[in-house]
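Contents: one structure, followed by commentary.
The values are calculated or read from the model by the stated rules, or taken from the named source; none is laboratory data. Just so we're clear, the structure is a prediction, and the values are computed from it rather than from any experiment. Ideal geometry is used to build each Cβ from the backbone, glycine not excepted, and the neighbour counts take in all protein chains shown. For the accessible areas, the whole protein counts, side chains as well, though only heavy atoms, and no ligand, DNA or RNA atoms are used. Shrake-Rupley method; radii C 1.70, N 1.55, O 1.52, S 1.80 Å.
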Amino acid sequence: MNRERALKILLTLVGLFFVAGIYPLITSMMHPKQSDYPDQMILAVYVTLGVCLLSAIRNPAANRTLITFTAWSSLAHAAVMAVQSIQLGNERTALPPLGVAGAICLILIALTPTRQPGPPASVSV
């Protein structure tokens, strides 16, 4: 399996996973509690990011920045959640899924298309 095909498969899986967040988002909005507001906001961002990733499947090289942002921001999110789960003690059951998420982010980073050589972008004034 070549690198681009593996990237497209991973983009599909991650994109669908992020878009699947629409269900908990809608259900939590139907039964609002103020404590759910931060979760609702981050879910809305991830659902939107999932839609963008699914559209990036057609041409991953042209969407290199989006793929890189997704991988690094998700890795940062997983790292912060890992530290918080260790600090809270009773949340340590979240560590294995965070490890999987971190591994997926690292694979996404490794599969991100290389920068295409070309003329420098010109700036019009």
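I'd like the accessible area for M81: 1.4 Å probe, protein heavy atoms, all chains in place, Å² to the nearest 10.
80
Using the Karplus curve 6.51 cos²θ - 1.76 cosθ + 1.60 with θ = phi - 60°, work out ³J(HN,Hα) for each residue of segment 2-18 in order, rounded to whole Hz, and write x for Gly and Pro.
Values per residue, Gly and Pro as x: 7, 4, 5, 5, 4, 5, 5, 5, 5, 4, 5, 5, 5, x, 5, 4, 5 Hz.
Pull out a ≥ b ≥ c, the square roots of the eigenvalues of the alpha-carbon gyration tensor of the chain, then state rounded if a/c is under 1.5, prolate if not and a/b is larger than b/c, and oblate in the remaining case.
In terms of gyration-tensor shape, prolate.
Please return the longest stretch of the chain lacking exposed loop sites, where trypsin sites (Lys or Arg not before Pro) count only if DSSP places them in a loop and at most 14 other Cβ atoms lie within 10 Å.
With a cap of 14 other Cβ atoms within 10 Å, the longest stretch comes to 59-114.
Identify, among M29, F18, A82, the residue whose Cα sits farthest towards the positive end of the charge dipole of segment 1-112, taking +1 on the Cβ of Lys and Arg and -1 on the Cβ of Asp and Glu, with the dipole about the Cα centre.
So the residue furthest toward the plus end is F18.
Go through segment 37-51 residue by residue and turn each phi into a ³J(HN,Hα) via Karplus (6.51, -1.76, 1.60, θ = phi - 60°); whole Hz please, and just put x for glycine and proline.
So the J values, rounded to whole Hz, are 4, x, 4, 5, 5, 5, 4, 4, 5, 5, 4, 4, 4, x, 4.
Distance in nm between label sites at T27 and L54, each 7 Å beyond Cα in the beta-carbon direction?
1.9
Per residue of segment 56-68, in order, report the coupling 6.51 cos²θ - 1.76 cosθ + 1.60 (Karplus, θ = phi - 60°) as ³J(HN,Hα) in whole Hz, putting x for Gly and Pro.
With coefficients 6.51, -1.76 and 1.60, one gets 6, 4, 4, 8, x, 5, 6, 10, 4, 5, 4, 5, 5 Hz.
Counting only protein heavy atoms and a 1.4 Å probe, tell me what percentage of the chain's accessible area is made up of carbon and sulfur.
In the chain, the share of accessible area belonging to carbon and sulfur is 68 percent.
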